[in-house]
Amino acid sequence: MITRIDHIGIACHDLDETVDFYRRTWGLEVHHTQVIEEQGVREAMLRVNGTDDGNACWLQLLEPVREDCAVATWLERHGEGVHHIAFGTPDVDAAAGAAGEAGIRVVFDPPRTGSMDSRVTFLHPKDCHGVLTELVTSAGDLARRGARPVE
Ligand code: CMX
Ligand code: CO
């Protein structure tokens, strides 16, 4: 079950410059920054609004920190822009399982730790009409369920 758009992932060459653009243009502030080593990215999470399911909707700005990662490859091919969308779900394992049963390739099985201690996986863009689709269970939802990001 999907209960919100959790975030839009935007690939950029220069994170600080891009953060500055969103601050100047829309007044959005950085809530959280982090290097996600496993994904090879430095991220900034800009909170847009709260959502009906008790979570929030974010912009996730992504700058690659090494050449051999998905965002670096994508930037090289396409340039800056929207890299993925992320749907929030209270149970990423169940949502990914259902997608897998429907014949959609699930990239991380089992899910991994994502931004802000969430639990995430991705669905292959070629099976989602060209959209790289992330599934996210937030740290708050994991805590409410008594689950951990990665068991
Ligand atoms: N959106 C849409 N299509 C995409 C895409 C994207 N973000 N990334 C790749 N593709 C398409 C390519 O255009 C290519 O299509 P063509 O064959 O028609 O040219 C095809 O998918 C294969 O592209 P590739 O560059 O060879 O990419 P890979 O197969 O090596 O990787 C994927 C694709 C989905 C497995 C990889 O991007 C991945 O593992 N993604 C999940 C991890 C990730 O994206 N991490 C960064 C975000 C971290 C976060 O959000 O926290
Ligand atoms: Co993301």
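Rounded, prolate or oblate: which one fits region 1-58, using the alpha carbon gyration tensor with axes a ≥ b ≥ c (rounded when a/c is under 1.5, else prolate when a/b beats b/c, else oblate)? Oblate, because a/c is 1.5 or more while a/b does not exceed b/c. Kirkwood radius and radius of gyration were both taken over the C-alpha atoms of region 88-151, and their ratio Rg/Rh is 0.98.
Kindly provide log₁₀ I(q)/I(0) values, in the same order as q = 0.11, 0.13, 0.14 Å⁻¹, from the Debye equation applied to equal alpha-carbon scatterers of the chain. Debye curve over Cα of the chain, log10 I(q)/I(0) at q = 0.11, 0.13, 0.14 Å⁻¹: -0.40, -0.57, -0.66.
Summarising the label geometry, the points placed 7 Å from Cα in the beta-carbon direction at R105 and T33 lie 3.4 nm from one another.
The local environment of V35, defined by Cβ-Cβ distances under 12 Å, has a net charge of -2 under the rule Lys, Arg +1 and Asp, Glu -1. Largest to smallest in accessible area, the residues V107, V131 fall in the order V107, V131 (1.4 Å probe, all protein chains included).
Taking every alpha carbon pair in region 26-113, what does the distance histogram look like in 5 angstrom bins from 0, in percent? Reading upward from the zero bin: 3, 12, 17, 20, 21, 18, 8, 1, 0.
For the chain, which whole-number percentage of the solvent-accessible area (1.4 Å probe, protein heavy atoms only) is attributable to carbon and sulfur atoms? Summing carbon and sulfur atoms, their accessible area is 52 percent of the total for the chain.
Within the listed set G97, G54, G81, the residue fluctuating most in the Gaussian network model of the chain (springs between alpha-carbon atoms under 10 angstrom) is G54.
FRET efficiency for the H13 to A143 pair, using the beta carbon distance and R₀ = 25 Å, is estimated at 0.10.
The values are calculated or read from the model by the stated rules, or taken from the named source; none is laboratory data. Since this is a predicted model, take the numbers as computed values, not measurements. Ideal geometry is used to build each Cβ from the backbone, glycine not excepted, and the neighbour counts take in all protein chains shown. Heads up: the accessible areas ignore ligands, DNA and RNA and are worked out on the full protein's heavy atoms, side chains in. Shrake-Rupley method; radii C 1.70, N 1.55, O 1.52, S 1.80 Å.
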